[in-house]
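Worksheet: the structure to be examined is printed underneath.
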Amino acid sequence: MTSRPDRYAVIGHPVAHSLSPRIHTLFAQQTGEALEYTAIDVPPERLVHDVRDFFADGGRGLNVTVPHKQAAMSLADELSARARRAGAINTLAMDAASGRLEGDTTDGVGLVIDLTGNLGVPIGQRRVLLVGAGGAARGVIEPLLACAPGELVIANRTVERAAQLAREWSADGPVRAASLDLPDEQAPFDLIIQATAAGLAGEMPLLPVRSVGSATVCYDMTYGREESPFLRWARRAGATRCHMGLGMLVEQAAESFRLWRGVRPHTAPVLAALRASGQR
């Protein structure tokens, strides 16, 4: 009897649009790993039931996407240090030896690798603006500060949420909070990262045009076939380098694959294949 390949999946709600099954299938083909990877739509009220059923039926690992990244933390028996700090996970892995479920987050690693490795965007000693104070922003603050920026400003519609994040990470580097209108900022930033839910809804956070200069790199953590409203605005504001988050998606997936299988696939050919199909 032929044994069933190891099973992995991404869970979210909705999740039919996810590129993760294609990405991990390409990773498996490249590395010779025998696995199958699917997408499972899990409404919030079924999260606990469906996750437990998946692993009880022999599942080996899950990627976790919106809206479950924070709620799924309670399902893990162990959390990585970076997941505890971020207050969210995007990866669950079943340890075959102990039977314990391990939770981790690879989003921040994926963002930094895409920026510094794939795109050649320096972070060290640069002024960085992170737009948003929700789960997406939380997951990338520690890796960004580890790159030693000159300053990290967290801007959010509700300033107190940004201020709370700044307090949590104050020992990691120069980080402070601001409102979206950035009243104290006159010079443009070197790097602006859009991490709000506005990107998912096709909306644009209300930033002042003066935050963008011709040398500013603008990055939207969302991905899709069309340029986001934020990047269209950034181009009109004068930015010459604008990038969407496809590279972050692939790099965080590669880190999850490494956690599950012990090998990190090459991401360049997978990115090329996705871009050839119109993704950005």
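The values are calculated or read from the model by the stated rules, or taken from the named source; none is laboratory data. Because the structure is predicted, anything quoted here is derived from the model rather than measured. Reconstructed Cβ throughout: ideal geometry from the backbone, glycine too, with neighbour counts over all protein chains shown.
Annotations for the structure displayed:
- Of the set (1) under 18 Å from residue 125 (Cα atoms); (2) assigned to a loop (DSSP other than H, G, I, E, B); (3) not hydroxyl-bearing (Ser, Thr, Tyr), all apply to residue 227 but (1).
- Of the numbered criteria (1) touching a residue at least 24 places away in the same chain (Cβ under 8 Å); (2) assigned to a helix (DSSP H, G or I); (3) loosely packed, with under 14 Cβ neighbours inside 10 Å, the one residue 16 fails is (2).
- Test: residue in the range 56-68 that is in a helix (DSSP H, G or I) and exposed (fewer than 15 other Cβ atoms within 10 Å of the Cβ): yes
- Screening 35, 47 for residues that are in contact with a His (Cβ under 9 Å, 6 or more places away or on another chain) and either more than 30 Å from residue 275 (Cα to Cα) or among the basic types (Lys, Arg) (or both) leaves exactly one candidate, 47.
- Qualifying residue in the range 248-266 (condition: crowded, with 19+ Cβ neighbours inside 10 Å, in a loop (DSSP other than H, G, I, E, B) and modelled with pLDDT of 95 or more): yes
- Of the residues in the range 53-70, not one is within 30 Å of residue 123 (Cβ to Cβ), in contact with a strand residue (DSSP E or B) (Cβ under 6 Å, 6 or more places away or on another chain) and free of Cβ contacts under 8 Å to residues at least 40 places away in the same chain.
- Residue check for residue 234: among the hydrophobic types (A, V, I, L, M, F, W, C) and in the same structural domain as residue 206 (by TED's automatic domain parsing): yes
- Scan of the range 218-238 for residues that are under 26 Å from residue 138 (Cβ atoms), touching a residue at least 40 places away in the same chain (Cβ under 8 Å) and surrounded by fewer than 24 Cβ atoms within 10 Å (Cβ to Cβ), ordered by number: 223, 224, 227
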